[in-house]
Amino acid sequence: MAEIKHIPFVKMQGTGNDFMVIDNRDTTYTKAQLIALTPKICHRKYGVGADGLLALQKPLLDDTDFEMLYRNADGSDAGMCGNGSRCLALYASKQGLGDTLKFSVHDRVYSADIRNDGQVEIHFPVTTKVREISVDGEKMLQVYTGTEHVVMHVPKFKLDEEEELVDKGRKLRYDEFFKPNGTNANFYCGVNEQAISVQTYERGVEGLTLACGTGAIASAIGWHHQQELGYHSNEVTVKTKGGDLQVLFQYKPEKDAYTNITLTGPAHFICKGTYYAE
Ligand SMILES: N[C@H](CCC[C@H](N)C(=O)O)C(=O)O
């Protein structure tokens, strides 16, 4: 009989983007083991079920509190996960690491503030630009927010045509234009100057998720670009199926660039348990 390993986990969610969280500060598991585990534990029928896996790793860099390892549900890598980072920061703070935290994801250092009202703020060390592109004759915006995103403006009713969004998202995700990495695809409509509604097709989940933090940032920036607001600082409320996210950024007209990006939203514990890995 195969050996069964008992893996303690916590499950969390941020605006309905759900994650398996593993405390690996003692390096019980190698990164390769965590990567191999991800598609199994994240499977919604054969596993516990989640959009991705987060591991709290011991700090890799000076002046950081931890390293965040993130994998999409299928085990693939992603540059960053905004909602996941809010969940992992809350988890780390409950482990006694503090309410103001610094953590690395790949080679970038992010910071998190756990607010008294339960919201978690993540500060992104990313300065980005909007690239106007045309893929198969369709115009869209490409916005890198620590990971790859495209943003498309759609009429409001289209946001409810989920099968169509999945088809379109999947087509783009595998399109030649974005090879070899692929992309996440966001569909949004404006609610007002400072609010939008968004649906995101997530690479690595290969479907719509209830929310995507880095996609919310890309969409908020896309909306600012499309409206040609030109304001230096801006706050956009991003309405997702899973709840509201706040995106703050500064626009630098002289460089046509977006900087000082902050993502704020809720993070919640769902349960803890033991996964039996065969
Ligand atoms: N849900 C995540 C995004 C995961 C990114 C991933 N799907 C990719 O870039 O491959 C978020 O809240 O930002």
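Quick look at the values:
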{"quantity": "Nearest 10 degrees, 0 to 90: helix 82-92 Cα axis against the chain principal axis", "calculated": "40"}
{"quantity": "The chain: C-alpha pair distances exceeding 33 Å, %", "calculated": "18"}
{"quantity": "For segment 30-89: rounded, prolate or oblate by the Cα gyration tensor [a/c cutoff 1.5]", "calculated": "prolate"}
{"quantity": "Residue-wise HN-Hα coupling along segment 249-258, computed from phi with Karplus coefficients 6.51, -1.76, 1.60 (Hz; x: Gly, Pro)", "calculated": "7, 10, 9, 9, x, 5, 10, 6, 10, 10"}
{"quantity": "Relative contact order (%) - segment 146-238, alpha-carbon pairs under 8 angstrom, separation at least six", "calculated": "28"}
{"quantity": "Spin-label model distance (nm) - THR274 vs ARG108, 7 Å beyond Cα toward Cβ", "calculated": "3.8"}
{"quantity": "Three-way shape call for segment 236-278 based on the alpha-carbon gyration tensor, with the a/c threshold at 1.5", "calculated": "prolate"}
{"quantity": "Listed residue pairs exceeding 18 Å between alpha carbons, taken from LYS31/LYS94; LYS5/LYS40; LYS11/LYS45; LYS129/LYS158", "calculated": "LYS31/LYS94; LYS129/LYS158"}
{"quantity": "Sparsely packed trypsin sites (Lys or Arg not before Pro) within segment 189-278, loop by DSSP, other Cβ within 10 Å at most 12", "calculated": "LYS255"}
{"quantity": "Helical mean residue ellipticity (222 nm; -39500 (n - 2.57) per DSSP H run of 4+; nearest 500) of the chain", "calculated": "-5500 deg cm²/dmol"}
{"quantity": "Fraction of antiparallel bridges per DSSP, segment 53-141 only, in percent to nearest 5", "calculated": "90"}
{"quantity": "R0 of 41 Å, Cβ-Cβ distance SER233-ARG170: FRET efficiency to nearest 0.05", "calculated": "0.70"}
{"quantity": "Normalised contact order of the chain, rounded percent, pairs of Cα under 8 Å and 6 or more residues apart", "calculated": "22"}
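Read-outs throughout are calculated quantities, based only on the coordinates presented, and are distinct from any laboratory measurement. Computed from a predicted model, the values in this text were never measured in an experiment. With ideal geometry, Cβ positions are generated from the backbone for all residues, glycine too; neighbour counts draw on all protein chains shown.
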